[in-house]
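The values are calculated or read from the model by the stated rules, or taken from the named source; none is laboratory data. Being a predicted model, the structure only gives us computed values, none of them experimental. Neighbour counts run over all protein chains shown; Cβ positions are idealised from the backbone, glycine included. Quick note on the areas: whole protein, heavy atoms, side chains included, nothing else; ligands and nucleic acids left out. Shrake-Rupley method; radii C 1.70, N 1.55, O 1.52, S 1.80 Å.
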Amino acid sequence: MDIRQLTGISAAEYARRRRQLMEMAGDDAILVLPAASERVRSLDTHYPFRQDSDFWYLSGFPEPDAVLVLIPGRRHGEVILFCRERDAGREAWDGARAGQEGAVSQYGMDDAYPIDDLDEILPGLLEGRSRVYYHFGRDADFDLKLIGWVNQVRAQVRHGAQPPHEFLELGHLLHEQRLFKSSAEIALMQRAADISVQAHAVAMRVARPGIHEYELQADLEREFRANDACAAYSSIVGTGANGCILHYRDNSARSRDGDLVLIDAGAEYRGYASDITRTFPVNGRFSAEQRALHDLVGAAQAAALAQAQPGIAYEAGHLAAVQTLTEGLLRLGLLKGTLEENIAEGHYQRFYRHKTGHWLGLDVHDVGDYRLAGDSRMLEPGMVFTIEPGLYVSADDRGVEARWRGIGIRTEDDVLITEDGHRVLTAALARSADEIEEAMASR
C-alpha cells in the first residue's frame, strides 16, 4: 500500500521534511529518533499503541521497536531505519510487519537493518560525526544506550576514531519545523475537525435530563471510530458542577434537568488532533444565568479570534479574552472594583484559571515555542491553535449569589492562520447559545 494511503502524507513530503531537518542540522551531524514503545496495561495486555509524534512526522512508520537515524551527506544513504524483521509466527498474533524490505519500498528509507543489529551498527554511524541531535530525558534506557555507543567510539580514539563531541536537543530544530503545517497536514486536521463536529452534534442531539456522562461519551466516541478516527485525548464530559473541573476524568455522573454539560473532546485522524469544547443545556434551554455566562465566554472568544492574524502577537488573543471576561464579570457583579485593578492583580483567575489556547497538530498540546527571546511570538500562516476561553464558578463559592454557583462553561475551536487572516476549522458546529438551542430543538 502506498504511504499516502496509510498516513495521508506523500512519500515526497516525508522526504522533504527529513531533508529540511538535515539541512538545519548540518553535514557533520547525526540525528537519532527512537519510536514509541508498547506499554503494558495489565499483565499480558497492552495500551493501544500510538507512535511517537516526532518519529511519525519524519517517517510515517507505524511500528514500535524501531529507530530512525538521519546522517546528512552520507554517501551510502542518509536515511536509515532499524526495525523488526518479518516473523510469520509473531505476525499471526500481532499483525503484519514491514520488515527491512518494506521500510525501503513502502516508507522511502535509503536502507534498513534489523533492530537487533542496532548495538553493532550504530557506533559506526556515530563515528566521524561531531554533533548528535537527540531527545535526552524522554527514555532513560535509550539515553544510556546512546551514551554507551558514543563511549565505544571514544574508546577507539587512539586508533584514529572521531567521536561526537556535542549533544544537542533535537526539539530545537524539529519542533519549530512541526509548528508550521503543510497543505496536506491542514487537510488531515480539517478532516479530524469535521469528524469532531459531527460527534459533538450527535451528543447535543441525544442529550436529555437523566442521561449519564458516560452515555454521551459513548455516543461521541462511536462517531470517531465510525469515521476511522480515535479520541485524540481522554474525553471530558462534565454535567452540572463537574463542568468546573478543568480536567474532569470520571464521566460517571447522571445529569439533572437544568444542568449544563461541558464536553471537551476531539478526534485524532491519521495522527492529527482536533480539540473542541462546547457547553450546552442538557434539556435544550439555557437559564438566564447560564446564558449570561455563555454569552460572555462567546464574546471573549470573538475578541481573541479578532487577534488571530499574521503579524499579531500570539499572546494578544489571551489578553483580549481576559479583558472581555473581566469586563463582563464586573458588569454581572461577580467581581468588584476597577477593570485595571482586577486584571493587574489577577482577580479574574478566580473564575478563569487557564490560558486561552495552545498549538495543535500531531499532539493535542502541540510543540513549538510560544515566546522567542522573551517576547510573545508573532502569528504566521500555517500555525494552528485553539481558542478556548471559559468561566468556572465553583459550587461552593459563597462569595457569589447561589444562582451562579456550579456553572462551568468553555467554548473551544481550532483556528488556522492564513495569509490574510484565519480560518476556523471547527466553524460548522453550533457555538452561540441561540445556535445551540436551535440545534437541540430540532432533535
Item to complete: Six or more apart or on different chains, Cβ under 9 Å: which pairs go from a residue in the stretch 62-78 that's closer than 17 Å to Ala15 by Cβ to one that's hydroxyl-bearing (Ser, Thr, Tyr) and buried (at least 20 other Cβ atoms within 10 Å of the Cβ)? Could you list them?
Response: Leu68/Ser59; Leu70/Tyr133
Worksheet entry | Of all residues making up the stretch 219-228, the number that are of a type outside the set (D, E, K, R) and loosely packed, with under 15 Cβ neighbours inside 10 Å | 1
Practice prompt. Just name the residue that is farthest from Asp27 (Cα to Cα) out of those in the stretch 40-83 that are touching a strand residue (DSSP E or B) at 6+ places or on another chain (Cβ under 9 Å) and hydroxyl-bearing (Ser, Thr, Tyr).
Written response: Tyr47
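Could you list, in sequence order, all residues of the stretch 281-325 that are among the polar types (S, T, N, Q) and either surrounded by 22 or more Cβ atoms within 10 Å (Cβ to Cβ) or farther than 23 Å from His358 by Cβ (or both)?
Selection gives Asn283, Ser287, Gln290, Gln301.
Here is a yes/no grid of residues against (1) under 27 Å from the mean Cα position of the chain (by Cα); (2) small (Gly, Ala, Ser):
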{"position": "Ala344", "(1), (2)": "no, yes"}
{"position": "Lys355", "(1), (2)": "yes, no"}
{"position": "Asp366", "(1), (2)": "yes, no"}
{"position": "Tyr370", "(1), (2)": "yes, no"}
{"position": "Gly374", "(1), (2)": "yes, yes"}
Discussion item. Looking only at residues that are out of contact with any Leu (no Cβ under 8 Å at 6 or more places or on another chain) and open to solvent by 80 Å² or more (accessible area, probe 1.4 Å) in the stretch 351-368, which one is farthest from Asp396 (Cα to Cα)?
Written reply: His365
Discussion item. Quick check on this structure: which one of Arg158, Arg191, Arg256, Arg249 is more than 30 Å from Ala395 (Cβ to Cβ) and either surrounded by fewer than 19 Cβ atoms within 10 Å (Cβ to Cβ) or hydrophobic (A, V, I, L, M, F, W, C) (or both)?
Written reply: Arg158
Practice prompt. Report whether or not Glu38 is farther than 24 Å from Leu168 by Cα and either acidic (Asp, Glu) or modelled with pLDDT under 95 (or both).
Written response: yes
Worksheet item: Has the stretch 122-130 got any residue that is free of Cβ contacts under 8 Å to residues at least 12 places away in the same chain and not charged (D, E, K, R)?
Response: yes
Fill in: Enumeration of residues in the stretch 21-62 that are loosely packed, with under 14 Cβ neighbours inside 10 Å and assigned to a helix (DSSP H, G or I)
Glu23
Discussion item. Of everything in the stretch 403-439, what is within 20 Å of Lys181 (Cα to Cα), more than 22 Å from the chain's Cα centre (by Cα) and open to solvent by 60 Å² or more (accessible area, probe 1.4 Å)? Give them in sequence order.
Written reply: Glu419, Asp420
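Name the strands (runs of 3 or more DSSP E) wholly within the stretch 194-312 that hold at least 1 residues that are at pLDDT below 95 and either among the small types (Gly, Ala, Ser) or touching an Asp or Glu at 6+ places or on another chain (Cβ under 7 Å) (or both)?
The strands (runs of 3 or more DSSP E) meeting that bar number zero.
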